[in-house]
Amino acid sequence: MIARGFQGRPIYAEAESKQHLLDLLVEISDRFRWDVLDWVVMTNHIHLVVQLHEPTLSDGMKRLTGLHAQRWNWAQAERGHVYMGRYRSIEIKDDAYLATVVRYIDLNPVRAGLCEHPANYIWSGYAANAGLRDPETFHHAGLGRCAISTHEDVTTARARYRRFVCKKIPDWARKGHEFEERPPLIDILIPGRFESWSQATDLWWYTAVEIAAVYHVTDRTVRMWLKEGKPPPPLPA
């Protein structure tokens, strides 16, 4: 879900305005039974990923934007539109798309030049989902983390969340934020399970050359396995 300020107006430019929105989310998430998986408050728009228990999105957003608009107009001594019409929402049914949406939201402040790493931006759910900070009262960080990793070990799930999101930012921006070691390939590549490839390459950033060294083959062979859709073969003894 996204809601924007009228004609790009920076309605969340001040910390007070951002905090007012978060305070409203506490009441609204409880009243309308929202599970907020992830969120970010930018300068002129907000993103929310919400799991609904009842069809209450429209009523909840009407109250959220309405109360925030009233307070904003009062603070600015203005009248008129604060938000750019109705909010926009998309139903997410695919797990892979959900992970992509969460990463997009977490990296919004980085793309906008507001920070170099998402952990440095306090007005988002990234740090809580990644296990770096306690979540806001309205934020269900456990569900948010599961959008990317459902590993039963919380520490591992948080590490996977951080790596999945932060793969998209430059190496220099990640320095000081990566404090977990990559598991060895022998623990990742499970013979016969094709999804092991994505765990090795997409999540932990192993290259074809590194995988080839484990199997004692060429990197060209590894790329051929991936192209042909072959699952990992048994590891050499």
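Laid out as a table, the results:
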{"item": "Qualifying residue in the range 15-36 (condition: at pLDDT 95 or above, of a type in the set (D, E, K, R) and crowded, with 17+ Cβ neighbours inside 10 Å)", "result": "no"}
{"item": "All positions within the range 119-158 that are within 17 Å of K18 (Cα to Cα) and either in contact with a Leu (Cβ under 7 Å, 6 or more places away or on another chain) or among the polar types (S, T, N, Q) (or both)", "result": "N120, Y121, S124, E136, T137, F138"}
{"item": "Residue list for the range 22-40, filter: in contact (Cβ under 8 Å) with a residue 24 or more places away in the chain and either among the polar types (S, T, N, Q) or within 13 Å of D59 (Cβ to Cβ) (or both)", "result": "I28, S29, R31, F32, W34"}
{"item": "Pair list, Cβ < 8 Å and 6+ apart or interchain, from the range 193-213 residues that are closer than 15 Å to R160 by Cα to residues that are aromatic (F, W, Y) and at pLDDT below 90", "result": "A200/Y206; D202/F164; L203/F164"}
{"item": "Whichever residue in the range 37-53 is touching a Lys or Arg at 6+ places or on another chain (Cβ under 6 Å) and in a strand (DSSP E or B) and, among such residues, is modelled with the lowest pLDDT", "result": "H45"}
{"item": "Residue in the range 190-237 that is nearest to A99 (Cα to Cα), counting only those that are modelled with pLDDT under 90 and β-branched (V, I, T)", "result": "T201"}
{"item": "Flag for H20 being over 30 Å from N120 (Cβ atoms) and either in contact with a His (Cβ under 9 Å, 6 or more places away or on another chain) or part of a loop (DSSP other than H, G, I, E, B) (or both)", "result": "no"}
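The values are calculated or read from the model by the stated rules, or taken from the named source; none is laboratory data. Bear in mind that the values here come from a model prediction, so they are computed numbers and not experimental data. Ideal geometry is used to build each Cβ from the backbone, glycine not excepted, and the neighbour counts take in all protein chains shown.
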